[in-house]
Amino acid sequence: MRDAAPTTIYLKDYTPFGYIVDSVHLTFDLAPHATRVKSRIAFRPNPEASDKTFFLHGEELKLIRASIDGAEVTPDVTDKGLTASVPDAPFVWEAEVEIDPGNNTALEGLYMSNGMYCTQCEAEGFRKITYYPDRPDVMSTFTVRINGNLPVLLSNGNPTGKGKGWAEWTDPWPKPAYLFALVAGDLVAHSDGFTTKSGRHVDLNLWVRPGDEGKCAFGMEALKKSMKWDEDVYGREYDLDVFNIVAVDDFNMGAMENKGLNIFNSSAVLASPETSTDANFERIEAIIAHEYFHNWTGNRITCRDWFQLCLKEGLTVFRDAQFTSDMRSAPVKRINDVIELRARQFPEDNGPLAHPVRPESFQEINNFYTATVYEKGAEVIGMLKTLVGDEAYAKALDLYFERHDGQACTIEDWLKVFEDTTGRDLSQFKRWYSQAGTPRVKVEEDWADGTYTLTLSQSTPPTPGQPEKLPQVIPVAVGLLGPNGDEVRGTEVLELTDARQSFTFEGLAAKPVPSILRGFSAPVILEQDSTPAQRAFMLAHDTDPFNRWEAGRALATETLLGMITRDAAPGSDYLDGLLAVMRDDALDPAYRALMLGLPTQSELAGMLHDKGVTPDPMAIWTAVETLRQATAQHMQDLLPRLHSQSLVDGPYRPDAEQSGKRALGSAALALISRLDGGTQAATEYARADNMTLQLSALSCLLKSGKGEAELAAFYEQWRHDRLVMDKWFGLQVALASPDRAPEIARRLTEHPDFNWKNPNRFRALMGGLAMNHAGFHHASGASYELLADWLIRLDPVNPQTTARMCSAFQTWKRYDADRQDLIRAQLIRIAETPDLSRDTTEMISRILA
Ligand code: ZN
């Protein structure tokens, strides 16, 4: 390992920087292997800071010269930065450095992607561009001059000068360095405009490589909708003359909210009906909204330090979820978000990588862009809104923007605006930010003399570094149904604050059936001993769409667990209840498609583990296959009608209505394929005229053990399109039968199109393998070994993407001793790799601990 003792950074150690930055001027002379960056930065002593050390971050920079107030200086330079002695008065720092974007494969700092220059500075990438106090609480205006012989030269803010081979940009809004961006290349724009509510015109451009012009229209519409929505719902107006978005093929994450110049992974912005699925369109709409919303929640108000990451990310995810609910179907969005939370955040919160929404220490901040910070962070905001009510939430947000505009803030600042608005004490609520782990809420019921008593107890299991947990404030939305299925008490929010607490409902004619945690009002695991008949009753009658879906999900889960642990037959309550729902044409097709879903095999493994049963991946796989087959047979007569839903009227539209119908049709086709061996799927494949239907038919064929010819034809049809080829790689591995998965994955790594240095391609293949639960956990250990081989290979090239992919191993302690031995051996092999990155070192050591 690189560092014998890696440095840990603690929240409690925060101190302000000794100097304030009044302005930054940067000049870039672009050259692929020797870009020169000249900086001129006006500093002055910070009266609030006691430590006056003048340390500037800088990594992988060649310092050419430096001066203070025009006099050359020779700073002390290390591989982390430089120190210099400076006057105790305002001064101007100038430096010139040389960097090598052409060899920057880590995709952090200034790098090249297909001949185009671009940057990624969050969290700590700016220090790879020039020497600077690279921390989010240092904010300044920036002026940037770019010299380079390329047709398009972009940076943050407004254009303030332009000539042949140069351009100048000025960003009038003070910002931290992580929001800096520069793009230069041969790009074409899809342009439009937006007039803000106060009448200001904004130029909008989506910049893409020539050839991708046809994939821009949807993203542009999503941007305009986002701008309008943020004005209507949050009163937030855009604040520059231009808003640029650039699509980049090589990008570690989804997208980045750089001020006025958002940079997107091309997979998160480019869309066309022929090449993108309905799910891709929905995700793109949400990511464009997310990055746009950061302009206020993240940029105008930023984070004091990286421990406060959820301040911007939790809030912005919450805002983009509200946006999607408004644009599409609110219940469908909520159910999808909970599915995601359980699939990605719960394993994190219940395993070795568990950390609080606001972590208290880290070695590498890039490892904390997690489902906990983002998705649980958004859940925490949703709970706050539930607790204070919509009106107080709106008031608190207005106060937040008014009080903190232009500042770098903390979670304390955020909670204070709610306390000041409502008079409520939020100190107990704050535990959601400091305690890791998923709370369990146990339900007990009592019924006597017309009074129904609900007793709720909460407990949170230990997580790394946190053996004991205190009770949290848990908003539990509850409604009561009468014996005939009518709602006898509408939804009310119970506030569970103690370890154990009772709530009574009086004056009831009969013992009610409770519908608990409606809308998934808190990110907890509800432990409720209901009979299958009670679940079926809720599935038939619950007025809360989330809990109605949840009842079906619980029935499915319990059936599967019974099949796995007791060799039980598929439950009739599940099959009959599901059939009734699927027959109900009054129900939204998208909602019915969700009803047809099952928990993932990984989730089932987690639940078995929680019950003290060692999960057997093959037994889980077999149970799911058996239940699917039984479902197909049980619904046989209905399937053609459900499938016909996907034949929508009129041209393709990726909206909620059409995509819901296609989702239901595709789910039906998957069941039909179990009965006809893929005959109809082959027909559907041949006539598919959009990627959603093409891919769903291809999936059915692959699952039926067919589709060789279609797979080859798909390759020939789409080999020119990177984003579609990612699907081609991912699908084959994710849907491979468990016994063949490791070999199929290994063969694909030898494919000439496996450009493993491209994060999307690497993730498509290796992420597809990790998603194939039984295939990944192949008893031979072949998949573990293959993934470890590739993590070791990618680490020196791109530590961030390597480290993120390590989480495929985070659940390893659930499995049997043989599998644990196999995985441990791979984890140790990775850990012992010479010069392993700090990113991967931290991840592996946490997973192994
Ligand atoms: Zn974000």
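Could you list, in sequence order, all residues of the range 577-627 that are free of Cβ contacts under 8 Å to residues at least 60 places away in the same chain, closer than 18 Å to Ala668 by Cβ and not aliphatic (A, V, I, L, M)?
Answer for the range 577-627, where residues must be free of Cβ contacts under 8 Å to residues at least 60 places away in the same chain, closer than 18 Å to Ala668 by Cβ and not aliphatic (A, V, I, L, M): Gly577, Arg583, Asp584, Asp585, Glu625.
I'd like to verify a number: residues in the range 682-710 that are free of Cβ contacts under 8 Å to residues at least 24 places away in the same chain and either among the acidic types (Asp, Glu) or part of a helix (DSSP H, G or I) (or both), how many?
7
Take Ser272 and tell me if it is more than 12 Å from the ligand (Cβ to nearest atom), farther than 27 Å from Asp398 by Cβ and touching a Lys or Arg at 6+ places or on another chain (Cβ under 7 Å).
Answer is yes for this residue.
If Glu282 satisfies every condition in (1) touching a residue at least 60 places away in the same chain (Cβ under 8 Å); (2) within 14 Å of the ligand (Cβ to nearest atom); (3) among the charged types (D, E, K, R) but one, which is the exception?
So Glu282 meets the others, but not (2).
Could you give every pair whose Cβ atoms fall below 7 Å, whose first residue belongs to the range 803-814 and is within 12 Å of Ser837 (Cβ to Cβ) and in contact (Cβ under 8 Å) with a residue 24 or more places away in the chain, and whose second residue is part of a helix (DSSP H, G or I) and of a type outside the set (A, V, I, L, M, F, W, C), counting only separations of at least 6 or pairs across chains?
Final answer for the pair search is Ala803/Asn366; Ala803/Asn367; Ala803/Asp839; Ala803/Thr840; Cys806/Thr840.
So in the range 235-261, with the set limited to residues that are β-branched (Val, Ile, Thr) and either at pLDDT below 95 or in contact with a helix residue (DSSP H, G or I) (Cβ under 8 Å, 6 or more places away or on another chain) (or both), which one is farthest from the ligand (Cβ to nearest atom)?
Top of the filtered list is Val248.
Let me confirm something: among Arg431, Arg358, which residue is buried (at least 21 other Cβ atoms within 10 Å of the Cβ) and either more than 19 Å from Thr324 (Cβ to Cβ) or at pLDDT below 95 (or both)?
Unique residue meeting the criteria: Arg358.
Can you name the residue in the range 665-679 that is touching a residue at least 24 places away in the same chain (Cβ under 8 Å) and among the polar types (S, T, N, Q) and, of all such residues, is surrounded by the fewest Cβ atoms within 10 Å (Cβ to Cβ)?
Among those that are touching a residue at least 24 places away in the same chain (Cβ under 8 Å) and among the polar types (S, T, N, Q), it is Ser673.
Can you tell me how many residues in the range 147-175 are surrounded by fewer than 20 Cβ atoms within 10 Å (Cβ to Cβ) and not in a strand (DSSP E or B)?
Qualifying residue count, the range 147-175: 6.
Under the condition of being assigned to a loop (DSSP other than H, G, I, E, B) and in contact (Cβ under 8 Å) with a residue 12 or more places away in the chain, which residue from the range 752-777 is nearest to Glu603 (Cα to Cα)?
Looking at the filtered set, the residue picked out is Asn772.
Can you name every residue in the range 368-381 that is surrounded by fewer than 23 Cβ atoms within 10 Å (Cβ to Cβ) and over 18 Å from Thr410 (Cα atoms)?
Correct list: Ala371 only.
Among the residues of the range 60-83, what is the count of those that are surrounded by 18 or more Cβ atoms within 10 Å (Cβ to Cβ) and in a loop (DSSP other than H, G, I, E, B)?
Counting residues in the range 60-83 that are surrounded by 18 or more Cβ atoms within 10 Å (Cβ to Cβ) and in a loop (DSSP other than H, G, I, E, B) gives 2.
For the range 27-37, indicate whether the set of residues that are assigned to a loop (DSSP other than H, G, I, E, B), surrounded by fewer than 13 Cβ atoms within 10 Å (Cβ to Cβ) and under 36 Å from the mean Cα position of the chain (by Cα) is non-empty.
Yes, the conditions are met somewhere in the range 27-37.
Are there any pairs with C-beta distances below 6 angstrom linking a residue in the range 285-306 that is in contact (Cβ under 8 Å) with a residue 24 or more places away in the chain and of a type in the set (Phe, Trp, Tyr) to a residue that is surrounded by fewer than 24 Cβ atoms within 10 Å (Cβ to Cβ) and part of a loop (DSSP other than H, G, I, E, B), with the two at least 6 apart or on different chains, and if so which?
Taking only residues 6 or more apart or on different chains, the pairs are Trp296/Arg236; Trp306/Ala123.
Which helices (runs of 4 or more DSSP H) does the range 294-380 wholly contain that include 1 or more residues that are more than 15 Å from the ligand (Cβ to nearest atom) and under 16 Å from Ser521 (Cβ atoms)?
309-327, 330-340
Identify, by number, the condition in (1) hydroxyl-bearing (Ser, Thr, Tyr); (2) closer than 18 Å to Pro799 by Cα; (3) out of contact with any Asp or Glu (no Cβ under 7 Å at 6 or more places or on another chain) that Ser837 doesn't meet.
With (1) hydroxyl-bearing (Ser, Thr, Tyr); (2) closer than 18 Å to Pro799 by Cα; (3) out of contact with any Asp or Glu (no Cβ under 7 Å at 6 or more places or on another chain) applied to Ser837, the lone miss is (3).
Within the group Phe264, Phe218, which residue is at pLDDT 95 or above and more than 14 Å from the ligand (Cβ to nearest atom)?
Sole residue among the options that is at pLDDT 95 or above and more than 14 Å from the ligand (Cβ to nearest atom): Phe218.
So Met227 fits all but one of (1) in contact with a Leu (Cβ under 7 Å, 6 or more places away or on another chain); (2) more than 16 Å from the ligand (Cβ to nearest atom); what number is the exception?
(1)
Somewhere in the range 444-455, is a residue assigned to a loop (DSSP other than H, G, I, E, B) and out of contact with any strand residue (DSSP E or B) (no Cβ under 7 Å at 6 or more places or on another chain)?
Checking the range 444-455: at least one residue is assigned to a loop (DSSP other than H, G, I, E, B) and out of contact with any strand residue (DSSP E or B) (no Cβ under 7 Å at 6 or more places or on another chain).
Which ones in the range 56-92 are closer than 13 Å to Ser39 by Cβ and of a type in the set (Gly, Ala, Ser)?
Gly58, Ala66, Ser67
Of all residues in the range 267-283, count the ones that are touching a Leu at 6+ places or on another chain (Cβ under 8 Å) and either surrounded by fewer than 24 Cβ atoms within 10 Å (Cβ to Cβ) or β-branched (Val, Ile, Thr) (or both).
Adding up the residues that qualify gives 3.
Using the structure shown, decide if Glu221 is free of Cβ contacts under 8 Å to residues at least 60 places away in the same chain, buried (at least 24 other Cβ atoms within 10 Å of the Cβ) and within 30 Å of Arg662 (Cα to Cα).
Considered against the rule, which asks whether it is free of Cβ contacts under 8 Å to residues at least 60 places away in the same chain, buried (at least 24 other Cβ atoms within 10 Å of the Cβ) and within 30 Å of Arg662 (Cα to Cα), Glu221 comes out as no.
Working only within the range 64-113, note down all residues that are out of contact with any strand residue (DSSP E or B) (no Cβ under 9 Å at 6 or more places or on another chain) and free of Cβ contacts under 8 Å to residues at least 12 places away in the same chain.
Selection gives Ala71, Thr78.
The values are calculated or read from the model by the stated rules, or taken from the named source; none is laboratory data. Given the structure is predicted, the values throughout are model-derived calculations rather than measurements. Glycine gets a Cβ as well: all are built from the backbone with ideal geometry, and neighbour counts include every protein chain shown.
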